[in-house]
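Take a look at this one; I'll ask things after.
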Amino acid sequence: MIMKDFFNLHNIFFVIGGQGISYLEFWAVLFGLTSVFMASLARAINYWIGFIYTALLFMMFLQKNLYTNMLLQPISLGINIYGLYHWTRPHKEKKNSRNQLLISFLNNKQRIMYLLLLAGIVIVWGFILTRLHLISELFPPARSPYLDATVAGLMLTAQILAAQKKWECWIFWVALNIGNVILYISAGLVFMPIVAVFFLAFNIIGIIHWKKEWEKQKQLC
């Protein structure tokens, strides 16, 4: 029965606060939380789980006609493939006892660079979102293009930093999920704010655990 429902992902799995949660949403959340938890512990397996998560998100956004979010998933997949390669095949001087990439911090110049990258993504992606409905009728007019672009920018910047195992990635994830909690609650959603709080909790675990791992690395050097 479970396997049958897995392949009927559009079916409603349960209802919370009067809102139906499909099997697709449930599995996407489950794989997403697992991936982030593994990342917070600095385990490279998070990327393998993340590949499934990305595929489920693509299907979910396609099902809900959220085409702009759907378009982000192939980009996320590319960053995750790079991250897995970078984490598991680092240079000799940058690997730990598990033969994985060492955790590191950005310098001030790099922090400014990534803030500028975030601003660039927001501006460019926001502009694209305001024009997508002119390209094809498949894309509905964006309601909050630059807000959506900010969410996308935070996500992509965090993923790029995570792929390099930079501690600051968690700051971007925290900002993203605090924003998500506020947005979901303001939209009257029930399930997604709870999920966002779990993501936020794992982000904080990542901040603390990665800092401790970095301090251990320093002692071994």
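Values quoted throughout were computed directly from the atomic coordinates according to the rules given, and no laboratory measurement underlies them. The model shown is predicted, which means the values in this text are computed figures rather than measured ones. Neighbour counts run over all protein chains shown; Cβ positions are idealised from the backbone, glycine included.
Per residue of the stretch 73-81, what does 6.51 cos²θ - 1.76 cosθ + 1.60 with θ = phi - 60° give for ³J(HN,Hα)? Whole Hz please, x for Gly and Pro, Karplus curve as stated.
For the stretch 73-81, the Karplus curve yields 5, x, 5, 4, 4, x, 5, 5, 5 Hz.
Report ³J(HN,Hα) in whole Hz for each residue of the stretch 165-182, in order, from the Karplus equation J = 6.51 cos²θ - 1.76 cosθ + 1.60 where θ = phi - 60°; Gly and Pro get x.
For the stretch 165-182, the Karplus curve yields 6, 8, 4, 5, 4, 5, 5, 5, 5, 4, 4, 4, 6, 5, x, 5, 4, 5 Hz.
Still on this structure: So for each of 108-118, 165-175 I average, over its residues, the number of other beta carbons within 10 Å; can you give me the resulting order with the highest mean first? Present the calculation step by step, with values, prior to reporting the outcome.
Details: 108-118: 12.6, 165-175: 21.4.
Listed from highest to lowest mean packing, they are 165-175, 108-118.
Just want the ordering: Met60, Met38, from fewest to most Cβ atoms lying within 10 Å of their own Cβ.
On the way: Met60 21, Met38 18.
Final ranking by Cβ density, sparse to dense: Met38, Met60.
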